[in-house]
Amino acid sequence: MTDRKDNPPSSPACAMHEADDAYMGFAPADELIAALDELLEAERAGARVTLETARQAGDGPLGALMQAIQHDEARWCAMLSGHLKALGATPSSRVGAFYDKAMAIAELDARTRFLNRGQGWVVRKLAALLPRVRDDRLHADLAAMLRAHEANIARADTLVARPPTT
């Protein structure tokens, strides 16, 4: 019988864990960095929109919802920045164009509906990115971000669907 040290297995499956991310169908680092930066800029815009909308809405249900969403957006900004740094990148400091578009909408329910469209864009980006993320920790964080955005969309839809109280 031959010693395995002298004749290591030649099957490619034995070395799959060593394969390049792109070869395995995962996003290469530069693509991942670009996607995380794009999400960071969008989250930063969302955080600013929800902060200002919460201030304008005051103490009512919309103000409380915007504060909760703003807290989430800030959390995701920190998470994305941390992962970008772990990948050796400097996180973008830009605020996405979404901010100016959203803040141009004066009516708060209309702005909330627009915010939900932005949240929906993030959901679609995350859904497309997740199957291409190899790192388990990043994958888990992005999946949690996706679930939170879906929940926030549902909460906002419910709130702005109600008739206004007088």
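The values are calculated or read from the model by the stated rules, or taken from the named source; none is laboratory data. Worth saying up front: this structure is predicted, and the values here are computed from it rather than measured. A quick note on method: Cβ atoms are made from the backbone with ideal geometry, for glycine too, and the neighbour counts reach across all protein chains shown.
Below, the figures for the structure above:
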{"read-out": "Residue within the range 30-43 that is modelled with pLDDT of 95 or more, under 12 Å from the mean Cα position of the chain (by Cα) and closer than 26 Å to residue 161 by Cβ present", "value": "yes"}
{"read-out": "The range 81-98, subset out of contact with any helix residue (DSSP H, G or I) (no Cβ under 7 Å at 6 or more places or on another chain) and in a loop (DSSP other than H, G, I, E, B), residue modelled with the lowest pLDDT", "value": "97"}
{"read-out": "Count of the range 89-100 residues which are in contact (Cβ under 8 Å) with a residue 12 or more places away in the chain and exposed (fewer than 15 other Cβ atoms within 10 Å of the Cβ)", "value": "2"}
{"read-out": "Number of positions in the range 132-166 that are modelled with pLDDT of 95 or more, part of a helix (DSSP H, G or I) and crowded, with 17+ Cβ neighbours inside 10 Å", "value": "11"}
{"read-out": "Those residues of the range 96-129 which are more than 20 Å from residue 160 (Cβ to Cβ) and within 14 Å of the chain's Cα centre (by Cα), in sequence order", "value": "96, 124, 125, 126, 127, 128, 129"}
{"read-out": "The range 73-108, residues that are of a type in the set (Lys, Arg) and farther than 13 Å from residue 141 by Cα", "value": "85, 94, 101"}
{"read-out": "Options 115, 129; residue that is over 17 Å from residue 65 (Cβ atoms), in contact (Cβ under 8 Å) with a residue 12 or more places away in the chain and surrounded by 19 or more Cβ atoms within 10 Å (Cβ to Cβ)", "value": "129"}
{"read-out": "Selection within the range 21-72 - assigned to a helix (DSSP H, G or I) and of a type in the set (D, E, K, R)", "value": "30, 31, 37, 38, 41, 43, 44, 48, 52, 55, 72"}
